[in-house]
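Bear in mind these aren't lab numbers, they're just calculated from the coordinates by the rules spelled out. Here the structure is a predicted model, which is why all the values come from computation and not from measurement. Cβ: placed from backbone, ideal geometry, glycine included. Neighbour counts: every protein chain shown.
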Amino acid sequence: MTASEYLSEFTGVNIITKSSLSVKAEITWNVLNGDVIYIVDPSTLARRLPIKNVINPLISEQINAHYTFSFDTVFDDKTKYINNANIIEVDDDYFQVGRIVKQRETSVSMSVSCEHVSYKLLDKKKYPLPFTEAEDSPRNLMSALLSGTPFSVGTVEIGGSYYIKPKSDNIRGALIELANLVGGELIWEKFTVHLVKRRGADNGLEFRLGENLIGVTEEIDTTGEEPKVSLGVDVLV
C-alpha cells in the first residue's frame, strides 16, 4: 500500500486506492518522517537534490478541489534550495512551494507549505481561459482548456457531449467545474490531468483499529455553506 491510499470509511473497512469517497470529503495522509523528498529542476524535471530530514510531512486533498503538501525541515546546504523556483517531488507527484517560515533557535528550522503544480493553472494572465462557453466531449473540452499549458489530458472515462459556461476565471477552476458538471472526479498526476467516473478500486485490503490501523481523526467543519469532513489516518504499512 502506498501513502496515497485512502480510507473509505471511518473504521474496520476496506482501503481504496487513490480516493474512493463519492462525497467530496477532505483527506489527509502522512508521509513517514524521514522519507526522502526531492528538489526537482522545473525545466528538465530531473531530480536535483534529495531532502532526507523531513519532519511532519502531510498531504491534503479534497476531490475536485485543493491538493496541498506541508512539511518541516532544518535549514542546511541542501534545503536552502527549497524555493518557489523549484518543484518538490513527494509520493510520486509534484508540488510547488507557496510559503516558507524560518525559525531560529539552536538551528534554523523551516516550515514549508506547497501546492500541487496544477495550481499553476490559476494564473489567468499566463494561461487565460480559451473560451467563455463551449459544447463538446469532456476530453475535447479538457484538451481545449489545457492547450498552451505544460499540462496534458490523461485518462478520460466519461463520454457524451456537454455544454459549459465556466463561472471560474482560471483553467484549474474550469476543469473542476467540468468534472462536477459531468459527475466525474479529477486526478492531478504531475503534469497530467485525468477525469474518471470514480477514483480508486477496492483492493481487498482491510485495516482494523487496534491492529494495523493506529488511529483515525475526524473533523467536521460546519462554518461554510456545506459541512466539510476531514479525516486524518495513521496506519502501519
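Cβ-to-Cβ counts within 10 Å put MET142, MET110 in ascending order as MET110, MET142, the fewest first.
When the C-alpha to C-alpha distance is required to be over 20 Å, the pairs from LYS52/LYS102; LYS124/LYS165; LYS126/LYS197; LYS102/LYS190 that qualify are LYS126/LYS197; LYS102/LYS190.
Sparsely packed loop sites in the range 98-178 (the trypsin sites (Lys or Arg not before Pro) outside DSSP H, G, I, E and B with at most 16 other Cβ atoms within 10 Å) comprise LYS124, LYS125, LYS126, LYS167.
Ordered by the number of other Cβ atoms lying within 10 Å of each residue's own Cβ, fewest first, ILE37, ILE158 fall into the sequence ILE158, ILE37.
For the range 123-196, relative contact order (Cα pairs under 8 Å, six or more residues apart, normalised by length) works out to 35 percent. Annotation: the residues LEU121, LEU58, LEU146, sorted from fewest to most other C-beta atoms within 10 Å of their own C-beta, follow the order LEU58, LEU146, LEU121.
Distance from the Cα centroid of the range 59-75 to that of the range 96-144 is 12 Å (rounded to whole angstrom). With R₀ fixed at 45 Å, the C-beta to C-beta distance from ILE55 to LYS197 puts the FRET efficiency at about 0.75.
Applying the Karplus relation 6.51 cos²θ - 1.76 cosθ + 1.60 with θ = phi - 60° to the range 72-77 yields 3J(HN,Hα) values of 10, 7, 10, 5, 8, 5 Hz, where x marks Gly and Pro. Spin-label model, ALA85 to TYR38: label points 7 Å out along the Cα-to-beta-carbon direction sit 2.1 nm apart.
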